[in-house]
């Protein structure tokens, strides 16, 4: 099973809402990632977790709060977002957090902030 | 990381070979070339990687020039399902897994 699943597929939220995105993999991978992709732009890395610990934060605003409760799950908690945060949020995993290991991506959650 | 340059778009007829170039003239000796693609409305997908020898797998072939300043991804018999944005990334394999996607090449495969 080489699948990364993400829920929900679509999410619409107001600027005062709190919501969470969920990502799951059962490949035994020890690295998980969050990327943000605006329309017609390439994905941009947000966070990297390695062995359930945050190893890279690409200067992401604190209104995005990642969490890795166990090796199979990755969450992204959202609070007080702005309309410009509307984007496709992609989760990925790899065996370890090194470039040589192929990253497997989920289908993404399309977020709209109103 | 070495900077990469790719043409913004290319067309290819179905059944023909698609040859996607990537320029990486500042590549260092220990950097590999990685290719990913992103089909519309899906997450990116790994295709292939290489250091200096030509590489082939079930999806594609990767040809790296002898001076390693450029490479070409070859899809030998393109199908409509290969329509996607193709990203060329240059990285040292043992470094932290920060994939930086450039603007890529949008390949349109047509009938």
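Read the figures in this text as sums done on the coordinates, not as results from a lab. Remember, it's a predicted structure, so these values are computed and weren't measured experimentally. Positions of Cβ are generated from backbone atoms using ideal geometry, with glycine treated the same way; all protein chains shown enter the neighbour counts.
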>> Can you compute the modelled spin-label distance between residue B:14 and residue B:45, with each label point 7 Å from Cα toward Cβ, in nm?
In response: 1.6 nm
> Once the Cβ-Cβ distance between residue A:30 and residue A:110 is put in as r, and R0 is 30 Å, what FRET efficiency do you end up with, to the nearest 0.05?
Replying inline: 0.60
> Within 10 Å of each Cβ of B:26-34, how many other protein chain Cβ atoms are there on average?
Replying inline: 1
>> Between residue B:108 and residue A:80, what is the label-point separation in nm under the 7 Å Cα-to-beta-carbon projection?
In response: 4.5 nm
> If you take the beta carbon distance between residue A:52 and residue B:54 as r and set R0 to 45 Å, what does 1/(1 + (r/R0)^6) give as a FRET efficiency, to the nearest 0.05?
Replying inline: 0.70
>> Counting other beta carbons within 10 Å of each residue's own, what order do B:58, A:3 fall into, fewest first?
In response: B:58, A:3
> Per residue, what volume in Å³ does the Cα convex hull of the protein assembly as shown take up?
Replying inline: 120 Å³
>> Modelling each spin label as a point 7 Å along the Cα-to-Cβ direction, I'd like the residue B:65/residue B:95 distance in nm, to one decimal.
In response: 2.2 nm
>> Counting only other chains, and only Cβ atoms inside 10 Å, what mean value do you get across the residues of B:42-52?
In response: 4
> In which sequence would B:28, A:55 go, from the one with the fewest C-beta neighbours within 10 Å to the one with the most?
Replying inline: B:28, A:55
> At q = 0.11, 0.19 Å⁻¹, what is the log10 ratio I(q)/I(0) for region B:1-97, with the Debye formula run over Cα points and no solvent?
Replying inline: -0.30, -0.90
> What does the convex hull of the alpha-carbon atoms of chain A project to on average, in nm²?
Replying inline: 6.5 nm²
> Along the Cα-to-C-beta direction of residue A:95, a point sits 7 Å from the Cα; which residues of region A:2-22 have their amide N less than 19 Å from that point?
Replying inline: A:2-4
> If you count, for every residue in B:55-67, the Cβ atoms of partner chains within 10 Å of its Cβ, what is the mean?
Replying inline: 0
